[in-house]
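Below is one structure, written out as structure tokens, with a few remarks after it.
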Amino acid sequence: MIENIDRHLEMGKELEQAIIDAANQIVVPTLVATLCIAIVWFPLFMLSGVSGYLFRPMAEAVIIAMLASFILSRTLVPTMAKYMMKSHHGQPHEHQQHGQPGTEPSRNVFVRFQQAFQQRFDRLLDRYGALLEQSIAHRRAVITLSLVIAVCSMGLYFSLGRDYFPEIRSGAIQMHLRAPLGTRIEMSARIATLVSNSIEQLLPDQVENIVSNCGLPVGPHNLAFIPTPTIGPQDCDLTILLKNEKSPVWDYRRILRKGLNDRYPGTQFTFQPSDLTAKILNFGAPAPIDVQVKGPDMYPNYEFTRKLADKLSQVPGATDVVIQQTMATPTMMVEGNRTFGFGVNRTLKDVVDNLLMTTAGSQQIDQIYWLDPSTGMSYLINVYTPQPQINIVNSLMTIPVGDSSNNSSKSDVQLLGNLANLSAKGTPGVVTHGNIMPLFDIYVSVEDSDLGGVLADVEKIVHGMEREKPHSATLEIHGQAALMNDAYVELILGLLTSIVLVYLLIVVNFQSWLDLFIIITALPGALAGIAWSLFLTHTHLSEPALTGAIMTMGTETANSILVVSYARERLQEHGDALRAAIEAGKTRFRPVLMTASAMIFGMIPMATGYSQNAPLGRAVIGGLLMATLFTLLFVPCVYAIMYTRRTAQQPKEIS
């Protein structure tokens, strides 16, 4: 608006008339451009799940801000221009006075800066004008070369890789330790202490503190709401706090994975997401890919799960491939002999009660509380045999088994070994159910690769082993990877819908399919710029990057509308398509450059930061850089070709 008012003032118009003419001239193009930018954000409203919760507020904020800015640009900006530009009205521009004979440079620093900037900008505009004239003179070659570059750049998308959300630098590492099955809790704590010392040695001067939690969480409430893969006393969760909050955690994980596996053979180390966004996207799972084998036959399914896990561990980029459930936890099975029990008047209940009383305590069979009369507080009384006294199998065999009816005498006490058979077996450490059916989880993490590529390889292996699985089993892939595919499909379908709406909006306002085609010709340039920016910065394609592509397309469409609408006005005035294209490029050079530069500079902190929205900023910067070149050079050339041919055909049709 301000640039257009200034241009009308240069024509010698009165201030109010210049403001009115400037506002009327761009009201339709700016309205269409604003609506286009708003429409391209509608795909984000179609996202479901976690991605919808993350991006819908952003889309709402952008749409409301764009509509509010359009209203203010139609009301407040012209009013402020009338009062604040009075001092400039009727005076020659200072950048024209500066440098002329008899004029002295201003002593105001800001005025001198503005004068110097304006001189350099005028030289840039002259160079652009000369380049534009040469481009239109060789418009067919320029268009062909531009299209070849854009189309070839599209091939970079196949090498970018796909992620749901990028991993960022962090100040914490979450690691899980699983000692050999059957390790007692005190031994697991000792191993965790040794591992903590080794971590500080492998990462010198990088570790601030290490917090370890071994064993199962206390109580069913904690077990339900604490996302942890612990299933027994052999498991420990280690939270490694780093001194630098922006540490390259992927490099540290690589060092720890190799160093700890060499130092502690037989102990399994896996790494989990430590940042909150990744935990939310994983829904508490320790890995982004969760392959589930579900079915009623547990032991055949477990053997198949082990074969599948071995093949998944060979996928390039797949790390920490582990089976969550175990089927070989060391267990002493006590099987009561009913025949011997009836002979000595002992039931299986007697055997179980005495066994639980000795090993777990009285709280398992008969909870007794003692009320302290002085405080009124109740305390649970638990009577059991100290664990050091039950450290061998013979200790279990000699557990006395009394009669629950209290009819037996002291000399009639029987030993557990006379009434039951003891055997060592491997049993499930935990049994997980999905829709009633038991299931096994194979967790697959991704390192040094993209999530989409690893997921594609995992899907190939899973589909290839369909014939080998037990007949009653089913294979399913869950986790962040499955959500990523759904979000990509929703976003792309929504983007196509918004493109259709933008096209219809432009056609209705411009009443021309040809102008619509010319406006969208800069889109390949935007896509090419996005591909190059992600490729050069080694950034994978992700949800934030696709959001940046949406922002780029909206801004590029708005800039193209400004150029084509002015060229259309000039063509109606003098009928020369080549001249109209050149005038549109030169006149709209400043607003197009200002719009693109403002967004590019605004995105630099985001693109260079360590947030998960960094791909968004990189996509916007690269896309707008290339899209601006296409808008200022490619679009005028396309306009010149289309309307030169059209104006040449009109006299023939009239004749």
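The table that follows gives values for the structure above.
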| quantity | calculated |
| --- | --- |
| Integer Hz, Karplus 6.51/-1.76/1.60 couplings in order for the stretch 321-337, x for Gly and Pro | 7, 9, 9, 5, 7, 10, 10, 10, 5, x, 9, 8, 8, 10, 10, x, 9 |
| Whole-Hz couplings from phi, Karplus 6.51/-1.76/1.60, listed for the stretch 359-364; x for Gly and Pro | 8, 9, x, 5, 5, 7 |
| Spin-label pair LEU241/ARG190, simplified geometry with 7 Å Cα→Cβ offset, distance in nm | 2.8 nm |
| Interchain or long-range residues, amide H under 5 Å from THR230's placed H | none |
| Spacing of the two label points (7 Å from each Cα toward its C-beta) at TRP513 and GLU133, in nm | 3.7 nm |
| Computed helical MRE - 222 nm, the chain, DSSP H runs ≥ 4 contributing -39500 (n - 2.57), nearest 500 | -19000 deg cm²/dmol |
| Length gained when the stretch ARG590-LEU147 is fully extended (0.36 nm per residue, less Cα-Cα span) | 157.0 nm |
| About the Cα centre, charge dipole magnitude for the stretch 9-84 (Lys/Arg +1, Asp/Glu -1 at Cβ), debye | 220 debye |
| Positive-end extreme of charge dipole, the stretch 265-386 - chosen from VAL315, SER362, GLY341 (charges on Cβ) | VAL315 |
| Amide H within-cut-off set for HIS478, under 5 Å, with H built and near neighbours excluded | ASP290, VAL291, GLN292 |
| Difference of contour (0.36 nm per residue) and Cα-Cα distance, TYR299 to GLN268 | 8.9 nm |
| Residue among TYR302, GLY259, LEU54 farthest towards the positive dipole end of the chain, charges placed on Cβ | LEU54 |
| The chain, accessible area per residue, ligands and nucleic acids excluded (1.4 Å, Å²) | 52 Å² |
| Among 167-176, 60-69, 230-239, 502-511, the order from most to least packed when residues are scored by Cβ within 10 Å on average | 230-239, 167-176, 502-511, 60-69 |
| Within the stretch 396-492, trypsin sites (Lys or Arg not before Pro) in DSSP loop having at most 13 other beta-carbon neighbours inside 10 Å | ARG467 |
| Note, ³J(HN,Hα) from phi for the stretch 466-479, Karplus 6.51, -1.76, 1.60, rounded to Hz, x at Gly and Pro | 4, 6, 8, 6, x, 5, 8, 9, 10, 10, 9, 10, 10, x |
| Amide H within-cut-off set for GLN272, under 5 Å, with H built and near neighbours excluded | GLN174, MET175, HIS176 |
| Distance between the stretch 467-507 and the stretch 1-58 - C-alpha centres, whole angstrom | 32 Å |
| Net charge of Cβ neighbours under 11 Å - reference GLY215; Lys, Arg +1; Asp, Glu -1 | -2 |
| Cβ-Cβ FRET estimate between THR331 and GLN367, R0 fixed at 22 Å, reported to 0.05 | 0.30 |
| Protein accessible area in the chain, 1.4 Å probe - carbon and sulfur % | 60 percent |
| Rough spin-label spacing in nm, given labels placed 7 Å along Cα→Cβ, for THR474 and THR608 | 5.2 nm |
| Unpaired by the 4.7 Å Cβ criterion, cysteines found in the chain | CYS36, CYS152, CYS637 |
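The values are calculated or read from the model by the stated rules, or taken from the named source; none is laboratory data. Because the structure is predicted, anything quoted here is derived from the model rather than measured. Every residue, glycine among them, receives a Cβ derived from its backbone with ideal geometry; neighbour counts consider all protein chains shown. Ligands, DNA and RNA are excluded from the accessible area calculation, which covers all protein heavy atoms including side chains. Shrake-Rupley method; radii C 1.70, N 1.55, O 1.52, S 1.80 Å.
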